[in-house]
Structures are given as structure tokens and as C-alpha cells.
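First comes the structure, then the notes that go with it.
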Amino acid sequence: MEIWRLPISASQRGKLISAGYTSLSSLSSISSSDLARELKVSETEAMDILKVALHSRGAQTSNASCSIVEGAQSAWDMLHDEESLMHITTSSADLDNILGGGIHCKEVTEIGGVPGIGKTQLGIQIAVNVQIPHDFGGLGGKAIYIDTEGSFMVERAFQIAEACIEDMSEYNRFLRKDFQECKINMKPEDILENIFYFRICSYTEQIALINYLDKFISEHKDVKLVVVDSVTFHFRQDFDDMALRTRVLTGMALKLMNLAKKFSLAVVLLNQATIKHTEGSFQLALALGDSWSHTCTNRIVLYWNGNERYAYIDKSPSLRSASAAYSVTVRGIRNSSSSCKRIKMM
Amino acid sequence: MANKLISEIPLPKSIANVFAARNISTAKEALSLTEFELMELLDVGLTEVRSALSQISEIVAPPYQTALSLMEQRFQKEHLGGHFPTGLKGLDAALCGGIPFGVLTELVGPAGIGKTQLCLKLSLLASLPTNYGGLDGRVIYIDVESKFSSRRLLEIGLRSFPEIFQMKAMAQEMAGRILVLRPTSLSEFTQSLEQIKVSLLQNQVKMLVIDSMAALVSGEHEQGIRRQQTLSWHISFIKSLAEFSRIPVVVTNQVRSHNHDDASRYSFQVQSRDVTMEIPMRYDSHLIAALGIHWAHAVTTRLVLEAKSGQRFIKVAKSPISPPLAFPFHITSSGISLLSDYGMELMGPEINAIHCQGHNEIINFGMEGLQ
């Protein structure tokens, strides 16, 4: 008896019911002239009734899923959200390709590897790239860099920022041939100013900071990236109670996921490699244990393959398992030189 | 900050009392529990737990700084923006000024290659006044294997900076700034570290050298994982020491031969059986750094000293700023000097390999090195 819920006058309602229209779906396929004839009302009035019915029907279908479970979103609505998902480029086109455009916003991505493979380099590169303005296909956002080991080197960030601005000027020059202003107004100092740097010295501070981030990001709404370098360090020692460690880590991961979704930002966690004894031999694996490997949405492993650095998508809900080569240059992360394609613009 | 007392944090009286009643006195204890656990323990609702946690977290969380202000601060307050020049020009250029402050720099290589020589040279340099490129301060040298030779130190000083060291009073002053500790066991070392932490800032200590880290554990425990766990507290302590005092910390490491316990592949690599992975190691002596992967992550800069075809090289194997370069060097009476300031760039994981080929020279303290 959905007709009862329609915001129409009592007499109109009475007429609809006596004519046999008791549900909204029965009104869906009728034209206004037919309805006017059936109800013995004017056509404008019939049109109004149909309009109201359509409006509440539209509202009801989207409410249908919500009314079943509080806070649920249908997969169809989510698809729309996913298509408008933002990515942060890594400055290596091959790496961006296997990542489906770059590091995803609204998700937590874990990146791990052996010492010296380039985790911090990638972290700094992404912290610079998140600031690429909208005009150049970037997010124009700020970055939070949480340093637990002291690996963040300002001079390197400056170098990478400089190279990024140079690349943008190059791009500008090709695209806007007719404009005189090819120079970008950004300076490396501006980029450094938009990286909020936190130095963590214990796991307590790490937990406290991640709790505090909600408030911090509410006050700095343009933050679009949180990098934790590395999430492992303070959890590898000092913990006698492994079960406690797992609970604390899981709690932390959940909070980060909530942050990512709430503020539509990307969270990148850098992890270390360790040696694990499996299947009778010793293999490399990412640290923090098996339960941790379940908590992150995406997992990328950086490794050496011959003389090249490679990235491998170990875990992702939407991307295929694939590897791509990349290199660490003086300008930052770039495509591997062996897979260089000729740039046709020149 | 982590050990902040709950009583010092401005929480509503009711919840502060409950924390005290349940024996949770530090922020560390409160933050180590999950929200659910706290609810159960304190017998309060979720909103109250959440608001208490967010207040505690806000106080305990460290303040932020923009990367720009960090850079400005470093360049204003610290020597060369936080770098200690080694005097080896090519290396200093690659490292953007020299050995970085506030983090660990590791020297790893086979026995007799020159790690201690380099440590002696660096200690001497650090004690010199700033107009000679030094840090004008004290150096704490932890000499585990009793390799520190003050005679050699003074010889290096005399040859490199004759104008200072020819005057006995000055030589005494400089050498007097280098304090040598000789712990005989890991526990003694631990105690010394704790004392150092207290006196670092008061006593103008500008550099810490630990020669060598690996020797501390080699006598103590079993191999592999156990050894890593033994040192984990020390690694974390030394890093925090370096961090808060903003001094360069140089640590030497030994090498050991590669055995079947050492992993080099991930499970997905084993499955895919990459052909390129099957290149057998063709080194005369296949050596890797001692102390394991956890240590390798903890150091920020790793300098590998090796000998290849009779020529010694110092390679930048891990650095946040430098490309993987190798510089040929030799040992002279004035310490270590590079044969070329233009480093060779090495590709791939080769930079991490440690060679020990054709390395049989004897270091003569009285004469120029044989190269």
C-alpha cells in the first residue's frame, strides 16, 4: 500500500485506490492522459501525481539497499565511485601501468623490499607527485611523511622536486606551444613546504600519531597522501607478546583504512624484508608476519631481477599479478632504461 | 613522549581515575591496548574510550614540521647542512657533503681492507677545528677488537695536518678529544651505551665510532635469527642516540661466507623460476655482510670496502642520495686516499657484493702504501 506514503491530497489518494492503483509500480507504465481519464481528473493533476510517484520511486530504489543494512552501498554505486578513483603517478610509466594508473586513493598500499631497493625513494617520489597540479593530471594535494627510521633525506626530496618541476615545464612546452608562459610558477621549496614531516621514535608514538591523524587531516583537508616509512621498524623489536603486536598492528591498519576512505586519500606503508623458513628452505618475505599480510589492501614487492629493479604486484583486489622494471635515477623513480621507448614528440 | 604519565594528560577526572584504578599509568600502556580491550578493562563505553584515546594520542604524537623548514633548520644550525666531510672528495660529493648526521653509516668489508684505518682518519678529522674541516668536538671510539692504535692515529695526523700536529700541545689537545672504550662483552657494551647517551650532549661529543659491531656478537650467541634478535635492542638504541643528538655514527661490520641459509628470493620468484636468477655467483670468495638483514635495513648508508684484482674499492652500496658508485682507494701513511674522484657506476646488485681477490698487502705504518 505504498500509495499511502505519497505526499498527495487525501482525495487524490482515494481516487487512485478506488481506481485500482495501490502500488507505485502500477503507476510506472501509465501515461498522464490515461491516468486523467481513469481518475476523472484534469491532465495537469494527473501529471503532478505521476511526478510525485516517480520521485518517491526513484528515492525508494536507492533506499532499498540501504534500508536492508544500515550504511551499505550497492555494488553499482560503488562502480561509479571506483571509476572516478584518483591515482598518484610513480613517475615510471611501466610501474603506473601495472598499478592501473598509479597508487590508488582510498586504499592502503604496502610496498616492501630488501635494503637499498628504493622504498624510501619511491615514498619521496610519491610525496612529490601527489602535489602535481590538476592541470597536469595530478591531485594537487599535500603529503604527510611519517619517518620512523630517519631515512628521509631533505636534499634528496629537493632533488626529486626539482626534477619533477622540470618535467612539468617540458610537458608544458609541448602542450601549450601557443602560450608564452611555459614556465611553471612552482619552485622546489613550494613542494617541500607541502610535505608534513613527522619523526617517530617509538611504537607508542606511531600509534598515537595514527590516532591523531584523523584530527590533523580534518584541519588540513588538502592532504591526499600519507606515507609511513617504515611501518615495520618499531614493531620488529621490543615486542615480547606477539599476539599483542598482531592486535596493535591490525588496529593501526584499520584506522589507516578508515582514514583513506574518509578523506579519499592514498596510504602507502613501506615494509622491510626478512628471512622466512618455508618449504624446507629460506626465502625472503615481507616482515611483520602472516596476519599483517592480510591487513593491507594492496601489496607490492620490490626486488632485484638480474641487474634490474622490479616491482611485483603481490596482492590486489583489482589488479593482475604483474611485474614491471623501474630504476632509481638522480631525478627520482623513472622507467628502466632498458625498456625505454623512443619519445616521438621530439 | 611515549612514557608520558596518564596523570599528566588533561583527561576528564572520571576516566583518569579509572585508568589509575586499573593500573594503566603510562600512555604506552594505554595505547598498546585496542579500543575493545580498553572498554572491557575500564568498563566504560566506546565513545568515552575513543575520546580518551584521542586526547592521549594528541599529546603523545610528535609535532610536525614541513620538509622546507626541516631543510632550513638543518642548513642554519648544522655543519654543512648535516654532513661530515670525510676528506675523500669523490665520496663526499656523492654523499652530498659527507657522512650524514643523525643516522648510522656502516663500513663493511673483509679483514685488513682498511675499515679501522678509515675510522681512525674520521675520528681525527672530527676532533679538528672547523676551519680544518672538522667538527671541533670529542669523539667516542668503541674499540671492540683492540685495533685502535694511537701511534697510527698520530702518524695520520702528522702526515695530513703537519701544521697542527707538529706542535706537541696541539697534538695532545686533538688526540685528547678522542675517547676510547674497550668493552669486553656485550653487556659491558650495553652499559657503556647507556652512559654515553646521558653524557653525549653535555660533553660536546660530535661523533661516535663503533669498531666493530659484528665482533660484539660473534663470541656470544648462535648463528642466524638468534643473533639478529640479540642486537635488535642495540640497533634501536644506537639509532635513537644518533637521532636525538644529530651526530654522525660510524659502525663497522665484518663479512662472512655465504651459506645455504641465506635467502635471496621471494616465494613468487621461486614459483616463476626466472631464468635470470640462475646466474651462479662467480666470485672467488662469495662473501656477504655479517649481522643480517635487519641490521642492513637499520643502517642508512652502507659503504662496502673490497679488493678486486688487487685493487681496493670503496663502494656506496646503500645511500638515500648517492648513486651506486665505486671509488678505487689505497692506504697511505696519511690514512686513506682515493685514487680517483670519479666513481664508477655499478649496475644492479653488484654494488652490494663484497670481493676479496688479490688482497695480500701488508700495511706498513712507517712507509707509503704499496700501490
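Would you please list the contacts, defined by Cβ atoms under 9 Å and residues six or more apart or on different chains, that run from a residue in the stretch B:321-347 that is closer than 21 Å to A:Glu155 by Cα to a residue that is among the polar types (S, T, N, Q) and modelled with pLDDT of 85 or more? Within 9 Å, the pairs are B:Ile321/A:Gln159; B:Ile321/B:Thr301; B:Ser322/B:Thr301; B:Pro323/A:Thr329; B:Gly343/B:Ser322.
In this structure, B:Pro100 does not satisfy being on the phi < 0 side of the Ramachandran plot, in contact with an Asp or Glu (Cβ under 7 Å, 6 or more places away or on another chain) and open to solvent by 10 Å² or more (accessible area, probe 1.4 Å).
Scanning the stretch A:237-264 for residues that are closer than 22 Å to A:His104 by Cβ and within 11 Å of chain B (Cβ to nearest Cβ) yields a count of 5.
Does A:Cys296 qualify as being buried (at least 18 other Cβ atoms within 10 Å of the Cβ) and over 25 Å from the mean Cα position of the chain (by Cα)? Step through it out loud before you land on a result.
Working: buried (at least 18 other Cβ atoms within 10 Å of the Cβ): yes; over 25 Å from the mean Cα position of the chain (by Cα): no.
Criteria not met by A:Cys296.
Looking only at the stretch B:164-173, decide whether some residue is modelled with pLDDT under 90, among the basic types (Lys, Arg) and more than 23 Å from B:Leu241 (Cα to Cα). Steps first, please.
Going residue by residue through the stretch B:164-173, those that are modelled with pLDDT under 90 are B:164-173.
Filter once more, so that each one left must be among the basic types (Lys, Arg): B:168.
The next check asks that each one be more than 23 Å from B:Leu241 (Cα to Cα); those that pass are B:168.
Within the stretch B:164-173 (the criterion being modelled with pLDDT under 90, among the basic types (Lys, Arg) and more than 23 Å from B:Leu241 (Cα to Cα)), the answer is yes, since at least one residue qualifies.
For the stretch B:49-97, residues that are open to solvent by 40 Å² or more (accessible area, probe 1.4 Å), within 24 Å of A:Leu213 (Cα to Cα) and not small (Gly, Ala, Ser) total 7. Of all residues in the stretch A:310-334, those satisfying the criterion of being open to solvent by 50 Å² or more (accessible area, probe 1.4 Å) and touching a strand residue (DSSP E or B) at 6+ places or on another chain (Cβ under 8 Å) are A:Tyr310, A:Asp314, A:Lys315, A:Pro317, A:Arg320, A:Ser321, A:Ser323. Looking across the stretch B:305-350, the residues that are of a type in the set (A, V, I, L, M, F, W, C), more than 7 Å from every other protein chain (Cβ to nearest Cβ) and out of contact with any helix residue (DSSP H, G or I) (no Cβ under 7 Å at 6 or more places or on another chain) come down to B:Ala307, B:Phe313, B:Ala326, B:Phe329, B:Leu339, B:Met344, B:Leu346.
Taken as a whole, the condition of being within 11 Å of chain A (Cβ to nearest Cβ) and either over 30 Å from A:Gly123 (Cα atoms) or modelled with pLDDT of 90 or more (or both) does not apply to B:Asn253. Here is the figure for the stretch B:134-172: residues that are in a loop (DSSP other than H, G, I, E, B), without any contact (Cβ under 8 Å) to a residue 24 or more places away in the chain and open to solvent by less than 30 Å² (accessible area, probe 1.4 Å) total 1.
Go through the stretch B:95-124 and count every residue that is part of a helix (DSSP H, G or I) and under 28 Å from B:Ser236 (Cβ atoms).
Step one: filter the stretch B:95-124 for residues part of a helix (DSSP H, G or I), giving B:115-124.
With under 28 Å from B:Ser236 (Cβ atoms) added as a condition, the list becomes B:115-116, B:118-120, B:122-123.
Of the residues in that region, 7 qualify.
Of the residues making up the stretch B:289-323, those that are of a type in the set (D, E, K, R) and open to solvent by 20 Å² or more (accessible area, probe 1.4 Å) are B:Arg302, B:Lys308, B:Lys318.
The values are calculated or read from the model by the stated rules, or taken from the named source; none is laboratory data. Every value quoted in this text rests on a predicted model; they were computed, and no experiment measured them. Neighbour counts run over all protein chains shown; Cβ positions are idealised from the backbone, glycine included. Only protein heavy atoms, including side chains, enter the accessible area calculation; ligands, DNA and RNA are left aside. Shrake-Rupley method; radii C 1.70, N 1.55, O 1.52, S 1.80 Å.
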